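Beneath this line is the structure, given in structure tokens, with notes to follow.
The values are calculated or read from the model by the stated rules, or taken from the named source; none is laboratory data. Bear in mind that the values here come from a model prediction, so they are computed numbers and not experimental data. When we count neighbours, we look across all protein chains shown, and the Cβ atoms used for this are built from the backbone with ideal geometry, even at glycine. Accessible surface is based on the protein model in full, side chains and every heavy atom, while ligands, DNA and RNA are left aside. Shrake-Rupley method; radii C 1.70, N 1.55, O 1.52, S 1.80 Å.
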There are 2 protein chains.
Amino acid sequence: MPLGTDYTNQDCAVARSLEVVGERWTLLIVRDLFYGIRRYNELRKHIGLPPATLTDRLNHLVEEDVVERIPGEGARDEYRLTPKGEGLWPVVCGLAQWGNANYVEPERRMGYKHRADGGELNANGSCSVCGEIPDASEVMVQKATPLPKDAFAVALQEPHRLLQPLRP
Amino acid sequence: MPLGTDYTNQDCAVARSLEVVGERWTLLIVRDLFYGIRRYNELRKHIGLPPATLTDRLNHLVEEDVVERIPGEGARDEYRLTPKGEGLWPVVCGLAQWGNANYVEPERRMGYKHRADGGELNANGSCSVCGEIPDASEVMVQKATPLPKDAFAVALQEPHRLLQPLRP
């Protein structure tokens, strides 16, 4: 998302980041990759995106080394966050916690917990038990109430470690 | 930014947040409000936005109680983040740190420091000296190299406390 020449000139790190991940849908794709949804068709169905849009966004993320395309089971390629992409966890976690606090009923919130001690994550991503800020790979997610027909939401009723493949 | 009925149904906190702050330019407005840029014309000039777009984004943020319009000096109203808006700090900080790490030369980065002890903030927003995660109001920013003609970048060469009014 080119934000205009002014932004390139401003050296603003927020603007630079938004040029890479600020386009409509992109952070939802990144969110699903954190959840472990890795296949093109699964991403498309889960987010409800037209194929052209998903392809465009994924290609941009691969170009920017946020996502890599890897051989998956069978003949299907899969998409996975690179270490650079995993560095977006504070952004995704921040959006999730802010959305939970302000827009989602407590009983419908996705729970984020520190894998080591089961502590809920605070609004700033730190563990409410030990105070550490776990990397995404040390975070467990679990959904309280799945929506009917959303196979991934059903799968997420079991505790699931972020970045591990999610197979409904 | 309505992301489609599927998202409303999904109760996804990330999607809900993006409906409020995911529209093009919105997080750059929020960033400037953290820096203390509060006047309509200053926001418009600093971000380089057409008035209709800035008005639209600000109205949406006011409706969602992210921003409030308050009487400023003289007859001019100003815009300020509400406590709910200040809760977006982990998101803005995450984008800034990720952008700095990946896209901005070290000598041109905006520095983020903990006000209490001067510690640089880590990628996850924690202080490199004491390990705490300061709220935005306890963070100092300072720009190394201002761009010519950007009065705010020049003002930010002096250490500046987030959320305090920035007057070039």
Net charge near A:Ala155, counting Lys/Arg +1 and Asp/Glu -1 over other residues with Cβ under 12 Å of its Cβ? -1
Taking the Cα centre of chain B as origin, sum charge times position over the Cβ atoms of Lys and Arg (+1) and Asp and Glu (-1), and report the length of that vector in debye to the nearest 20. 620 debye
If each part is reduced to its alpha-carbon centroid, the range A:71-88 and the range A:102-168 end up apart, in Å, by 20 Å
Give me the percent relative contact order of chain A, please, defined on Cα pairs under 8 angstrom at least 6 residues apart. 19 percent
Once Lys and Arg get +1 and Asp and Glu get -1 on their Cβ, which of B:Val20, B:Gly125, B:Leu156 lies farthest toward the positive end of the dipole of chain B? B:Leu156
Hydrodynamic radius of the range B:87-161 per Kirkwood, over alpha carbon pairs, in Å: 12.6 Å
Per residue, what accessible area does the range B:87-161 have, given a 1.4 Å probe and all protein chains present, in Å²? 45 Å²
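For the range A:35-116, state which trypsin sites (Lys or Arg not before Pro) are in a DSSP loop and have at most 12 other beta carbons lying within 10 Å of their beta carbon.
Hits after loop and neighbour filter: A:Arg76.
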For the protein assembly as shown, what is the number of Lys pairs with C-alpha distance below 15 angstrom, counting only pairs 8 or more positions apart or on separate chains? 4
Viscosity 0.890 mPa s, temperature 25 °C: give me the Stokes-Einstein translational D for the range B:13-85 in µm²/s, with Rh taken as the Kirkwood radius over C-alpha pairs. 199 µm²/s
Name the most mobile residue of B:Gly74, B:Gly36, B:Gly131, meaning the one with the largest mean-square fluctuation, in a Gaussian network model of chain B with Cα contacts below 10 Å. B:Gly74
At least 30 Å² accessible surface lost relative to isolated chain, residues of the range B:71-113 (1.4 Å probe): B:Lys84, B:Pro90, B:Val91, B:Leu95, B:Trp98, B:Tyr103, B:Val104, B:Arg108
Loop GluC sites (Glu not before Pro), the range A:68-168, which have at most 12 other Cβ atoms in a 10 Å radius of their Cβ (DSSP): A:Glu73
How are the Cα pair distances of the range A:1-148 distributed, in percent, across 5 Å bins from 0? 2, 9, 16, 19, 19, 17, 11, 6, 2, 0
Using the Kirkwood formula on the Cα atoms of the protein assembly as shown, what hydrodynamic radius do you get, in angstrom to one decimal? 20.5 Å
With only helices counted (DSSP H, runs n ≥ 4, each -39500 (n - 2.57)), the per-residue ellipticity at 222 nm for chain A, to the nearest 500, works out to -11500 deg cm²/dmol
Excluding ligands, DNA and RNA, what is the accessible area buried between chains B and A, summed over both sides, using a 1.4 Å probe, to the nearest 100 Å²? 4500 Å²
